[in-house]
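Please read the structure below before turning to the comments.
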């Protein structure tokens with residue numbers, strides 16, 4: 001059986017994220033694997049902010065799309081720091097990356113770019129509106145992920 005050395009962990013900082021990282025950490029520790037924890041800023045949100053800032057002038061004149069994106073990255077780094085305090089990641093090599101784009105497409109690119117051999121992600125994310133039983137991104141990953149995919153349900 002193939003030994004897994006690189007695990008991609010997809011999180012969106014929803015209620016599923018802590019359980020997802022906890023499960024991935026157990027796998028990484030048992031396998032001696034490294035983790036690449038990935039969060040994606042949805043391109044849909046970027047487009048909405050671009051429209052709001054540049055076309056509707058809803059926000060202050062001194063706000064830029066680039067500034068908003070940097071603020072989102074900083075906020076997600078803070079969320080990751082909070083998550084690091086609640087999940088035991090000792091002894092595990094890991095990185096945290098924020099990407100921008102369609103979550104499904106960016107996760108597939110992250111699998112390829114990082115040479116991931118396994119993906120761990122929550123079964124649902126921020127919105128329960130997408131697909132009823134499994135989130136829309138998770139559903140697309142089930143169909144197209146080129147490596148084994150482990151989904152985590154929040155059973156709290």
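The values are calculated or read from the model by the stated rules, or taken from the named source; none is laboratory data. All values reported here derive from a predicted model rather than from experimental measurement. Cβ sites come from the backbone with ideal geometry, for glycine too, and all protein chains shown count toward neighbours.
Can you say whether residue 116 is in contact (Cβ under 8 Å) with a residue 12 or more places away in the chain, out of contact with any helix residue (DSSP H, G or I) (no Cβ under 8 Å at 6 or more places or on another chain), surrounded by 18 or more Cβ atoms within 10 Å (Cβ to Cβ) and within 13 Å of residue 9 (Cβ to Cβ), as far as the supplied structure shows?
Considered against the rule, which asks whether it is in contact (Cβ under 8 Å) with a residue 12 or more places away in the chain, out of contact with any helix residue (DSSP H, G or I) (no Cβ under 8 Å at 6 or more places or on another chain), surrounded by 18 or more Cβ atoms within 10 Å (Cβ to Cβ) and within 13 Å of residue 9 (Cβ to Cβ), residue 116 comes out as no.
I need every pair where a residue in the stretch 135-155 that is surrounded by fewer than 14 Cβ atoms within 10 Å (Cβ to Cβ) has its Cβ under 6 Å from the Cβ of a residue that is at pLDDT 85 or above, sequence separation at least 6 or different chains.
From the stretch 135-155, the pairs are 148/118.
Name the one entry in 109, 124 that is at pLDDT below 85, within 14 Å of the chain's Cα centre (by Cα) and either buried (at least 18 other Cβ atoms within 10 Å of the Cβ) or within 24 Å of residue 75 (Cβ to Cβ) (or both).
Only one candidate passes the filter, namely 124.
Select, from 42, 62, 54, 47, the only residue that is touching a helix residue (DSSP H, G or I) at 6+ places or on another chain (Cβ under 9 Å) and without any contact (Cβ under 8 Å) to a residue 12 or more places away in the chain.
Among 42, 62, 54, 47, only 54 is touching a helix residue (DSSP H, G or I) at 6+ places or on another chain (Cβ under 9 Å) and without any contact (Cβ under 8 Å) to a residue 12 or more places away in the chain.
Would you check which residues across the stretch 76-96 are out of contact with any helix residue (DSSP H, G or I) (no Cβ under 7 Å at 6 or more places or on another chain) and surrounded by fewer than 17 Cβ atoms within 10 Å (Cβ to Cβ) and list them?
Listed by number, the residues that qualify are 77, 78, 79, 81, 82, 84, 85, 90, 93, 95.
Whether any residue in the stretch 2-16 is in a helix (DSSP H, G or I) and crowded, with 18+ Cβ neighbours inside 10 Å is what I want to check. Full working, then the answer.
If we filter the stretch 2-16 for residues that are in a helix (DSSP H, G or I), which is where we start, we get none.
No, every residue in the stretch 2-16 fails to be in a helix (DSSP H, G or I) and crowded, with 18+ Cβ neighbours inside 10 Å.
Looking for whichever is over 26 Å from residue 118 (Cα atoms) and at pLDDT below 90 here; the options are 57, 47. Which one fits?
The unique qualifying residue is 57.
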